[in-house]
Amino acid sequence: MERLKVAIIGCGNVSSVHFAATAQNLAAELIAACDTKPERAKAMGEKYGIPYFTDYNEVLELGPDVIHICTPHYNHSEIAIAAAQKGIHVLTEKPMSITLYEADNMIRAARENNVKLGVIFQNRYNRASLAVKEAVESGQLGRIKGARMFVTWHRPDEYYSQSDWKGTWEGEGGGVLIDQAIHTMDLMQWIVGEIDSLEASMANRTHHIIDVEDVAEAVIRFKNGAIGSLYACNYYTYDADVLLEVHGELGTARIEKDHAVIRIAGQPERKVFPEDDYEVIGKDYWGVSHKIQIDEFYRDVLENRPVDIDGVEGRKALEFVRAIYYSATTGEPVQFPFQEPMGFTPPSLTR
């Protein structure tokens, strides 16, 4: 059986699920770990019995078939493009980049070098997400009238003060939207449909040591006529369960954390839960589907088939985020497709 040579670049928190999923996959062989912080690279290298590095260019010279990018947001595009130019397939954590310009360069590099580019939005593979999407696409809910999403989590000042890149427009690319809420935003646009326009506001209300937003809200108008409501903050007192609800003429379909509740007129309420024997690796709010998406990506590479969540799909959530930042900065509605002005960066929100 052919085995893919896999290297993982970035050994921070989220890399734990990437290392575990790759180590468990019989079609993959871990060949390297990399992080600019030597102690992190060494820890993962020794745990999995593989060489470790602090320079990703040295990893690319090893000739892996696939790299995973689990680094800070600001250098996703740089690493992805360098890998693509060497004929290496790329699976990157969200967000794929911090600007649409960089995202487009990543997509172009993958296409021109005939490599696959995947973006991690693992919650699309959750049973709850699939059930709600099927309820919408099958017409069970009738005409979709609206959708709402709430992400209210807790990130103390220490979350930012202990990092050299979080809480900045240049390093993280934003705050609660691009880091915490982006997964639910991706599900909203994936399930409800294409966005037509939005209008938004944002602020920094409690985290005065950072430049970016810790709260944002938006009204979203979809091309199918539905209206969406978005609210996200990371100054709540704990990581409350995420809520995404779709409202149709015939009922509602709701995702609450990891399960779905579907209510359709004249039918018994239906609930969809994760598999009983699923394994949680890392933080529970990451869900359980990283491994599913990683396994799928490896099959895509081995069988040379299209990637479900490729660069084009991964860009949609980033476009959603960046459009909110632009609308909140200018005070104007944004039409889709959103053409982000070159060099646009929101101003510091520090009070």
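The values are calculated or read from the model by the stated rules, or taken from the named source; none is laboratory data. These numbers were taken from a predicted model, which means no experiment stands behind them. Quick reminder, even Gly has a Cβ in these numbers, built from the backbone with ideal geometry, and neighbours come from all protein chains shown.
Filter the stretch 243-266 for residues that are surrounded by fewer than 17 Cβ atoms within 10 Å (Cβ to Cβ) and acidic (D, E); which is nearest to R124 (Cα to Cα)?
E256
Could you tell me which of the residues I191, I220, I210, I195 is farther than 23 Å from I98 by Cα, of a type in the set (A, V, I, L, M) and either modelled with pLDDT under 95 or in the same structural domain as A323 (by TED's automatic domain parsing) (or both)?
Result of the check over I191, I220, I210, I195: I191.
Which ones in the stretch 331-351 are of a type outside the set (A, V, I, L, M, F, W, C) and surrounded by fewer than 13 Cβ atoms within 10 Å (Cβ to Cβ)?
G331, E332, P337, Q339, P341, G343, P347, S348, T350, R351
Collect the residues in the stretch 104-154 that are among the polar types (S, T, N, Q) and either part of a strand (DSSP E or B) or on the phi > 0 side of the Ramachandran plot (or both), keeping them in residue-number order. Step through it out loud before you land on a result.
Just the residues of the stretch 104-154 that are among the polar types (S, T, N, Q), to begin with: 105, 113-114, 122-123, 126, 129, 138, 140, 152.
Selection gives N114, T152.
For the stretch 76-121, what are the residues that are among the polar types (S, T, N, Q) and surrounded by fewer than 22 Cβ atoms within 10 Å (Cβ to Cβ)?
Q85, T99, N105, N113, N114
Is there a residue in the stretch 75-86 that is β-branched (V, I, T) and assigned to a loop (DSSP other than H, G, I, E, B)? Quick ask: steps written out before the conclusion?
Start the filter on the stretch 75-86 by keeping residues that are β-branched (V, I, T), which leaves 79, 81.
Applying the additional criterion that residues be assigned to a loop (DSSP other than H, G, I, E, B) yields none.
No; the residues of the stretch 75-86 include none that is β-branched (V, I, T) and assigned to a loop (DSSP other than H, G, I, E, B).
Taking the options D258, D211, D239, D196, name whichever one is under 20 Å from R351 (Cα atoms), acidic (D, E) and in contact with a Phe, Trp or Tyr (Cβ under 8 Å, 6 or more places away or on another chain). Spell out how you get there, then give the answer.
On the way: D258 fails: under 20 Å from R351 (Cα atoms); D239 fails: under 20 Å from R351 (Cα atoms); D196 fails: under 20 Å from R351 (Cα atoms).
On inspection, the qualifying residue turns out to be D211.
When the stretch 192-242 is examined, which residues are found to be crowded, with 23+ Cβ neighbours inside 10 Å and on the phi > 0 side of the Ramachandran plot?
None; the set is empty.
Are any of the residues in the stretch 128-137 closer than 20 Å to D179 by Cα and either outside the structural domain of K223 (by TED's automatic domain parsing) or buried (at least 18 other Cβ atoms within 10 Å of the Cβ) (or both)?
Taking every residue of the stretch 128-137 in turn, at least one turns out to be closer than 20 Å to D179 by Cα and either outside the structural domain of K223 (by TED's automatic domain parsing) or buried (at least 18 other Cβ atoms within 10 Å of the Cβ) (or both).
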